[in-house]
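The values are calculated or read from the model by the stated rules, or taken from the named source; none is laboratory data. Values in this document were obtained by computation on a predicted structure and should not be read as measured data. Neighbour counts are summed over all protein chains in view; Cβ atoms, including those assigned to glycine, are modelled from backbone coordinates with ideal geometry.
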Amino acid sequence: MSTSNLFNETLLMKTLILGLGNPILSDDGVGILVARELSKKLARFKNIDVKEASVAGLALLDIIAGYKKLLIIDAIITKKRKPGTIYKFTPDDFKLSVRLNSLHDLNLASVLKLGREYAHELPEEILIYAIEVLDNRTFNDRCTPEVQKEIPCIAQYIFDEILEQFANR
């Protein structure tokens, strides 16, 4: 059986790939740019939607509702690894992050908890790909060269992981 047929037969869950970020704040747009690359690679798979958004907090609920699986791609600055490094998280990894500014600034774990309490049909499986970036504050519609050159590799890595995840079901 070909990989394509295996993937189509085992991909029973409606999946959303969500690229997050602000495309006019330099590297902050990396999630959106990687999602665009993935969109080309995943176009033939009917149960996968690829979307991009520049929102956070409660605004995410309307976007992710109705999906069984969610993969989020976003920028992160840790200054611990080189630009383009991929970190993988789950919502549980963010339970301890505290946001106090407003309801719009709730962390992902809090948003999911609230959404489930109010009967939203939210993804059962969530994986977050965070991409190490250099600059997420400078107004620029392009990523830094260090991050830009890694985008095709990041997209290929995530694509390969998607194929592997579903092939192992």
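Data for the structure
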quantity	calculated
Long-range neighbours under 9 Å by Cβ, at least six apart or interchain, first residue over 15 Å from K14 (Cα atoms) within the range 41-62, second among the aromatic types (F, W, Y) and surrounded by 15 or more Cβ atoms within 10 Å (Cβ to Cβ)	K41/F159
Single condition I64 does not satisfy, out of (1) at pLDDT 90 or above; (2) of a type in the set (A, V, I, L, M); (3) exposed (fewer than 13 other Cβ atoms within 10 Å of the Cβ)	(3)
Hits in the range 103-147 - residues which are in contact (Cβ under 8 Å) with a residue 40 or more places away in the chain, more than 14 Å from L20 (Cβ to Cβ) and of a type in the set (S, T, N, Q)	T138, N140, T144
Selection within the range 53-81 - touching a Pro at 6+ places or on another chain (Cβ under 8 Å) and over 20 Å from E121 (Cα atoms)	S54
Filtered residue count, the range 71-126, keeping only those that are modelled with pLDDT of 90 or more and either at positive phi or outside any loop (DSSP other than H, G, I, E, B) (or both)	14
Any hit, the range 16-32, residues being more than 24 Å from R137 (Cβ to Cβ) and either out of contact with any strand residue (DSSP E or B) (no Cβ under 9 Å at 6 or more places or on another chain) or at pLDDT 90 or above (or both)	yes
